[in-house]
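Take a look at the structure below.
The values are calculated or read from the model by the stated rules, or taken from the named source; none is laboratory data. Given the structure is predicted, the values throughout are model-derived calculations rather than measurements. Positions of Cβ are generated from backbone atoms using ideal geometry, with glycine treated the same way; all protein chains shown enter the neighbour counts.
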Amino acid sequence: MLILFDVDATLITTSRTGIQAMGLAGRAAFGDTFDEHRVEYAGRLDPLIIADLLSAHAQPVSPETVEAFRAGYRDHLSRLVVEPGMARPCPGIVELLDAIETDGGFTLGLLTGNYPDTGAIKLRAAGIDPDRFPITVWGCDSPHDPPAREHLPAVGFTRFRERFGREVSPEQVLIVGDTPHDVSCARAHGCRVLAVGTGSFGTEHMPDADGFFDDLSRTEEVLDWIRTTLAQPLR
Ligand SMILES: [Mg+2]
């Protein structure tokens, strides 16, 4: 069984330094009128966020312009996110990851809108080793154009097969996330989904989730929910 965690506002908070870094990268490239608040961030893929930021400022969107913006974003993020107090795990995450590993019945994974380099920078800044997740699916991993989060669970199934030499069926996959995008990408593939209220969305925004916790700090309760839910037939 595979548990795929979203990163921002699910595993960790980075005190919005990611958005701040997007703004600094944009102003460095395009001048002081660049406004990073013109686009949506929560639960979206970084390649789409950057494309939207470029479009919103009348800049061409091409692999080259996206790559240049991404490099500036990475430089600013690397500096901002390691400042004291900026990055930290969400409540109970360290204990939950430890408990899942100890249980032994689950494979840990990531399914996130972040690029691999900046996603790893954020996780390390929050004290979480990205290497503890054998399966990783990043925001640039969609095989389709335009990319969408809904494409990513299938990439996770493939990576699981490549790594372990056996299939994982969708109902044996749990996606954990803080936004309606996390819920819809799970639903698109018949995966289970646990929504968590550590971002900007409450249970009322994610009615299609199999479960909702305000945060993941009640380790045993969360782990019991995971075991029970993955053992049940699909509803
Ligand atoms: Mg998130």
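Annotations
- Scanning segment 100-116 for residues that are surrounded by fewer than 16 Cβ atoms within 10 Å (Cβ to Cβ) and either small (Gly, Ala, Ser) or in a loop (DSSP other than H, G, I, E, B) (or both) yields GLY104, GLY105.
- The criterion of being surrounded by fewer than 16 Cβ atoms within 10 Å (Cβ to Cβ) and small (Gly, Ala, Ser) holds for ALA71.
- Odd one out for SER55, checked against (1) surrounded by fewer than 19 Cβ atoms within 10 Å (Cβ to Cβ); (2) among the hydroxyl-bearing types (Ser, Thr, Tyr); (3) in contact with a helix residue (DSSP H, G or I) (Cβ under 8 Å, 6 or more places away or on another chain): (3)
- Between GLY92, GLY104, the distinction of being free of Cβ contacts under 8 Å to residues at least 12 places away in the same chain and farther than 30 Å from PHE30 by Cβ belongs to GLY104 only.
- Within segment 3-29, tally of residues that are surrounded by 19 or more Cβ atoms within 10 Å (Cβ to Cβ) and on the phi > 0 side of the Ramachandran plot: 1
- Only listed residue being closer than 24 Å to THR13 by Cβ, more than 16 Å from the chain's Cα centre (by Cα), away from the ligand (no atom under 14 Å from the Cβ) and in contact (Cβ under 8 Å) with a residue 24 or more places away in the chain, chosen from GLU220, GLU204: GLU220
- Residue match in segment 30-42 (condition: surrounded by fewer than 16 Cβ atoms within 10 Å (Cβ to Cβ), touching a helix residue (DSSP H, G or I) at 6+ places or on another chain (Cβ under 7 Å), modelled with pLDDT of 95 or more and not assigned by TED's automatic domain parsing to the domain that holds PHE201): yes
- Single residue of segment 159-188 satisfying the filter (over 17 Å from ILE226 (Cα atoms) and under 18 Å from the mean Cα position of the chain (by Cα)) that is nearest to the ligand (Cβ to nearest atom): THR179
- Verdict on LEU45 being crowded, with 20+ Cβ neighbours inside 10 Å, within 23 Å of GLY119 (Cβ to Cβ) and in contact with a Ser or Thr (Cβ under 6 Å, 6 or more places away or on another chain): no
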